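For reference, the structure is listed below as structure tokens.
Nothing in this text is a laboratory measurement; each read-out follows from the coordinates by a stated rule. Keep in mind that what you see is a predicted model, and the values were worked out from it rather than measured. Note: ideal-geometry Cβ built from the backbone for every residue, glycine included; neighbour counts use all protein chains shown.
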Amino acid sequence: MGFVGLGNMGEPMVRRLAAAGHAVCGYDVAERARERLADSVGVTLANAPADVAADADVVILMLPDSNVVEQVLLGDGLLDRVQAPTVVVDMSSSEPARTRALAERAASHGVTLVDAPVSGGVVGARAGSLTIMAGGSPDVLATLRPVLSVLGSKIVHAGAVPGAGHAIKALNNLMSAAHLLASSEAMLAGQAFGLDPAVMLDIVNGSSGRSGSTETKWPRYILPATFDSGFTMRFMVKDMNIALQLARDAGTPAPLSRAAVAAWTTAADAMPPGADHTEIARWLQRAPG
Ligand code: NAD
């Protein structure tokens, strides 16, 4: 199988696929990313993205965004090298409309492209416990299940329209980002009042204010001040903007979403480019009230 994008998510995913017995041919534009997998049993490294298509039954992409996905598939010629019945699976968090256009373009070459983005972070990628949300033909998803089940413990068909997975992925992250911002504001107010943050989390996590942010992000990354979830603020803002565009296109109301995107964008602009998304809590401490 071919795999392009050996970053925070791609690297552990490739390791799992190789450990499960798949022969993986990987590529990343960054030498540092390729070097991390150089000694991995079952992994060969290609010199160009299009080369991962040779002998591949599946080609997986785990790239930053739609710009890079299009660069690799169209600019670097990977799509031209893929021959049916090989399936291209974009597991990146990409833009649904651009995914749909790519799927149509692939189909005109006789190649199937499906979207199968993930949730669960680097921890989930290492453990093979990702949630995978797939768009496109359910029959194609059925053929991919043996591969995807190495990576995820929950695999859901999001819809038959190509891009359905990418749509719900972006919407999920919009919700997640809004929860993290709201819970961070509440945690700061509680601490300023004199409450113990650990006690606050204990109470909220047994109450209706709980979310993935209070159950996981605050105790695991923010309270111990490690800020090392492996998911950057830059990517969170990208996903929120994709979701907001969906709302704009549909004409659905989004006042809270717009406010959340504005706050996250200000935070991301104020932080170094690689800042972890959990640093929103740290930024908030310094933000004007
Ligand atoms: P990352 O930046 O760590 O990895 C992306 C990799 O793509 C990098 O190694 C980079 O060198 C490579 N790349 C960039 N341009 C390239 C090109 N032209 N050709 C080949 N390789 C190229 O990102 P990540 O955190 O692994 O995230 C990947 C995708 O998964 C993103 O869309 C992100 O939104 C999504 N995602 C990330 C997480 C997370 O927790 N990190 C969770 C869920 C979804």
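This model, with +1 at the C-beta of Lys and Arg and -1 at the C-beta of Asp and Glu, gives segment 2-161 a dipole about its Cα centre of some 460 debye. The order of the peptides 253-259, 132-138, 49-55, 113-119 by mean Cβ neighbours within 10 Å, most packed first, is 113-119, 132-138, 49-55, 253-259. Of all lysines in the structure, those lying under 20 Å Cα to Cα from LYS217, and not within fewer than 8 positions of it along the same chain, are LYS169, LYS238. For segment 5-54, trypsin sites (Lys or Arg not before Pro) meeting the loop criterion (DSSP other than H, G, I, E, B) and having at most 16 other Cβ atoms within 10 Å: none. The residues TYR221, TYR27, when put in order of fewest to most other Cβ atoms within 10 Å, stand as TYR221, TYR27.
Ordering of 37-44, 228-235 by packing is 228-235, 37-44, highest average first (other Cβ atoms within 10 Å, averaged per residue). Each part gets one Cα centre, and for segment 106-167 versus segment 220-289 those centres are 25 Å apart. Which percent of Cα pairs goes in each bin when the distances of segment 167-286 are cut into 10 angstrom slices starting at zero? For segment 167-286, the pair-distance distribution reads 13, 46, 32, 9, 0.
A helix-only calculation puts the chain at -14500 deg cm²/dmol for mean residue ellipticity at 222 nm, using -39500 (n - 2.57) for each DSSP H run of at least four residues, averaged over all residues.
Cβ-to-Cβ counts within 10 Å put TRP218, TRP283 in ascending order as TRP283, TRP218, the fewest first. If you take the charge dipole of segment 2-161 about its Cα centre, with +1 on Lys and Arg Cβ and -1 on Asp and Glu Cβ, which of LEU144, ALA33, VAL4 is farthest toward its positive end? With unit charges placed on the Cβ atoms, the residue in question is LEU144. By other beta-carbon atoms within 10 Å, ranking SER184, SER211, SER153 with the fewest at the front produces SER153, SER211, SER184.
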